[in-house]
1. If a residue must be β-branched (Val, Ile, Thr), touching a Ser or Thr at 6+ places or on another chain (Cβ under 7 Å) and not in a loop (DSSP other than H, G, I, E, B), how many such residues does the range 76-89 contain?
2. If I go through the range 61-93 residue by residue, how many of them are in contact (Cβ under 8 Å) with a residue 24 or more places away in the chain and over 26 Å from Arg10 (Cβ atoms)?
3. Give the residue that is surrounded by the most Cβ atoms within 10 Å (Cβ to Cβ), with candidates limited to residues of the range 90-135 that are touching a Gly at 6+ places or on another chain (Cβ under 9 Å) and not in a strand (DSSP E or B).
4. Need pairs with beta-carbon distance below 8 Å; first residue modelled with pLDDT under 95 and within the range 173-184, second among the acidic types (Asp, Glu); sequence gap 6+ or separate chains.
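The values are calculated or read from the model by the stated rules, or taken from the named source; none is laboratory data. Everything quoted here is computed from the prediction, not taken from an experiment. Neighbour counts are summed over all protein chains in view; Cβ atoms, including those assigned to glycine, are modelled from backbone coordinates with ideal geometry.
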Amino acid sequence: MPESHYPEVRSLHLFSEMEDDNFRTLMRGSYVQNFPPQIDLIHEGESSDFLHIVLSGSVDLYAQWNNRETSIATVRPISTFILAATIRDAPYLMSARTLEKSGVALIPSQDVRDIFDIDAVFARAIVRELSQCYRGMVKSHKDMKLRTSLERLANYLLRQQTRAGGETTFELPTEKRRLASFLGMTPENLSRAFKGLRPYSVAVDGNRVTIADADDLKTLAKPSPLIDDYSS
């Protein structure tokens, strides 16, 4: 990996406080590769040979079964995936493909495990990262199991509005087909759900969403920090 990328990787909490020599050991066996859109990076069931870091662009994590496919998460810079498989030396449970032209760093999984065994600060950072991922998974599961499709969409839009700085009008970060999959809906059900939000001050034009009165939408959504706050 060119040293010009070291500061980007080092900025991640996972690597920020580890020993310099151990960090350089990881980087020596790593490399950066640029991929065009819609390229598969890994497939579920494959051995976890590398820890991936998205440096630019975006990556879709998805899974397939019985001719069905679902989108699980979108990874944007600068973030790792899939850490748990790397640490456990286990097969990937998800596949990954680029959504746009993307730069990805690849760190050999064996190197990550070796440094995990000797660098206590790095090991604690990994535990914190995996704990955060686990809590995010629980919140996502609660969202899917406890809410109707209309409530899931309402809360998703409120979260996106927060990420957009509270702006009344904002762009959806993904195409509607992928959004429907992420929310556990068909595209047709998503379209009906958007129509169902019109009485709650929501208007949609393509990928542009306007929430004229967030408090009105919250009467339906009933957002909860134990489901919707992915920062803790």
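1. Residues meeting the conditions: 1.
2. Counting residues in the range 61-93 that are in contact (Cβ under 8 Å) with a residue 24 or more places away in the chain and over 26 Å from Arg10 (Cβ atoms) gives 10.
3. Only one residue fits best here, namely Tyr92.
4. What qualifies is Arg178/Asp60; Ser181/Glu69.
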